[in-house]
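Below: one structure, written as structure tokens.
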Amino acid sequence: MPDIRIEFVSAMALKDLESSKRIDYLLKVIRKGSLIVLEEKLTPDEERALIEETMNFVNDKFTGIEISSLGPVETNQWKEKVIKFLGGKTSGLTVIGPAKIIKEIKNDRSKINLLAGFGGDKP
Amino acid sequence: MLDWLHSLVERFFGAKSVSLGLYGAPNAGKTTLANKISMDFVGEPLGKVSEVPHETRVVQKKEKVSMKVNGRKLNMNLLDMPGIATKVDYRDFLKYGIDKEKARVRAKEATKGIIEAIKWLENVDAALVVMDSTEDPYTQVNITILGNLEARNIPVILVANKIDLPGSNVKRIKEAFPQYPLVRISAKNGHNIDELYKTIFERVG
């Protein structure tokens with residue numbers, strides 16, 4: 001059975017990137033087949049951009065992503081931008097991966113439960 | 001007294017007109033609900049309903065829908081959005097008897113529909129976020145839709161649909177998103193639809 005690579009990314013690692021570059025980075029890793037655990041929650045705008053960009057890449061081999069996040073929904077986008085501009089990080093956690101290898105992902109608001117693997121039917 | 005004042009304002013200045021978007025995951029029952037609203041106020045359906053996911057792949061519009069409730073009128077453009085998803089696999093359509101090439105075309109159209117629905121998020125005046133009450137509501141799709149609408153201060157009504165089905169659990173939706181007004185309905189048989197119309201007036205009328 002092939003291995004599954006998981007990349008744990010600190011919020012600091014992406015703090016200097018604009019939103020579009022952050023999305024590009026995440027998608028690049030996911031399209032290579034890896035899972036990402038990001039040490040922050042994406043903003044609603046970033047989540048929206050991630051889904052939109054993902055759809056541009058969907059084909060027979062790459063069928064999209066599974067994503068789940070923990071943390072408060074911060075709808076004050078300016079507050080988020082100011083926090084990031086000042087080098088801080090917003091609270092939360094995001095798990096993203098290729099839909100093909102994530103068989104199940106459940107979020108109960110305090111924890112994310114993810115089952116990944118190659119082949120076979122979903123449980 | 002308030003209703004009388006509203007009628008007076010509407011008579012002189014015309015009724016308010018809003019773009020009402022129906023958002024949600026594929027197969028939540030958005031088109032069934034859009035058809036119900038359209039049938040009730042225009043007398044004709046809006047789109048085709050199917051058990052195959054992503055039946056609605058372009059934004060379906062019904063303009064100048066005049067909703068009348070308790071003597072008040074609300075003019076709206078009804079926008080039935082394609083279901084938003086984070087993945088589209090043409091192989092999922094094969095089990096519905098669709099051949100491979102048609103399934104591939106459907107998948108491609110579905111991805112474009114998702115992008116279109118996402119782009120519309122900033123252009124609606126109000127939204128009904130439709131959820132299948134038999135399914136887990138706390139999904140990233142619902143979180144992303146609600147987060148984006150809230151960030152733009154767009155009024156939202158949660159619609160817990162399919163309450164006629166066994167396994168329907170409206171409480172689960174209320175617990176997942178307690179900050180939004182919620183109406184439980186069956187778009188298929190029209191159960192509690194008047195409550196939804198009343199809530200639309202309260203939130204956007």
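The values are calculated or read from the model by the stated rules, or taken from the named source; none is laboratory data. The model shown is predicted, which means the values in this text are computed figures rather than measured ones. Methodologically, a virtual Cβ is constructed for each residue, glycine included, from the backbone with ideal geometry; neighbour enumeration extends over all protein chains shown.
How many residues, within segment A:19-75, are part of a loop (DSSP other than H, G, I, E, B), within 13 Å of chain B (Cβ to nearest Cβ) and not polar (S, T, N, Q)?
10
Listed residues B:Glu44, B:Glu10; which is more than 18 Å from B:Leu121 (Cα to Cα) and either part of a loop (DSSP other than H, G, I, E, B) or at pLDDT 95 or above (or both)?
Answer to the check: B:Glu44.
Only one residue in A:Gly87, A:Gly92 is over 23 Å from B:Phe177 (Cα atoms), more than 9 Å from every other protein chain (Cβ to nearest Cβ) and modelled with pLDDT under 95. Which one?
Only one candidate passes the filter, namely A:Gly87.
From B:Ile157, B:Ile163, B:Ile173, grab the single residue that is free of Cβ contacts under 8 Å to residues at least 60 places away in the same chain and either out of contact with any strand residue (DSSP E or B) (no Cβ under 7 Å at 6 or more places or on another chain) or in a strand (DSSP E or B) (or both).
Every option except B:Ile157 fails the conditions.
Among what's in segment A:8-36 and is farther than 24 Å from B:Ile115 by Cβ, surrounded by fewer than 16 Cβ atoms within 10 Å (Cβ to Cβ) and touching a residue at least 12 places away in the same chain (Cβ under 8 Å), pick the residue that is nearest to the chain's Cα centre (by Cα).
A:Phe8
Which one of the conditions (1) within 15 Å of B:Val59 (Cα to Cα); (2) at pLDDT 95 or above; (3) within 12 Å of chain A (Cβ to nearest Cβ) does B:Leu121 fail to meet, given that it meets all the rest?
Among (1) within 15 Å of B:Val59 (Cα to Cα); (2) at pLDDT 95 or above; (3) within 12 Å of chain A (Cβ to nearest Cβ), the lone unmet condition for B:Leu121 is (2).
Out of (1) at pLDDT 95 or above; (2) more than 9 Å from chain A (Cβ to nearest Cβ), the odd one out for B:Ile114 is which?
Looking at each condition in turn, B:Ile114 falls short on (2).
With B:Ala85, B:Ala107, B:Ala103 as the choices, which residue is more than 23 Å from B:Ile193 (Cα to Cα), out of contact with any Asp or Glu (no Cβ under 9 Å at 6 or more places or on another chain) and modelled with pLDDT of 90 or more?
After ruling out the rest, the residue left standing is B:Ala85.
Give segment B:127-161 a look and list any residue that's more than 14 Å from chain A (Cβ to nearest Cβ) and crowded, with 19+ Cβ neighbours inside 10 Å, or say none.
Selection gives B:Leu128, B:Val130, B:Met131, B:Asp132, B:Ser133, B:Ile157, B:Leu158, B:Val159, B:Ala160, B:Asn161.
Looking at B:Pro82 and the list (1) under 23 Å from A:Asp60 (Cβ atoms); (2) crowded, with 18+ Cβ neighbours inside 10 Å; (3) out of contact with any Lys or Arg (no Cβ under 8 Å at 6 or more places or on another chain); (4) free of Cβ contacts under 8 Å to residues at least 60 places away in the same chain, which single condition is not satisfied?
Status for B:Pro82: all satisfied but (3).
Looking only at residues in segment B:41-79 that are without any contact (Cβ under 8 Å) to a residue 60 or more places away in the chain, at positive phi and of a type outside the set (D, E, K, R), which one is surrounded by the fewest Cβ atoms within 10 Å (Cβ to Cβ)?
B:Gly43
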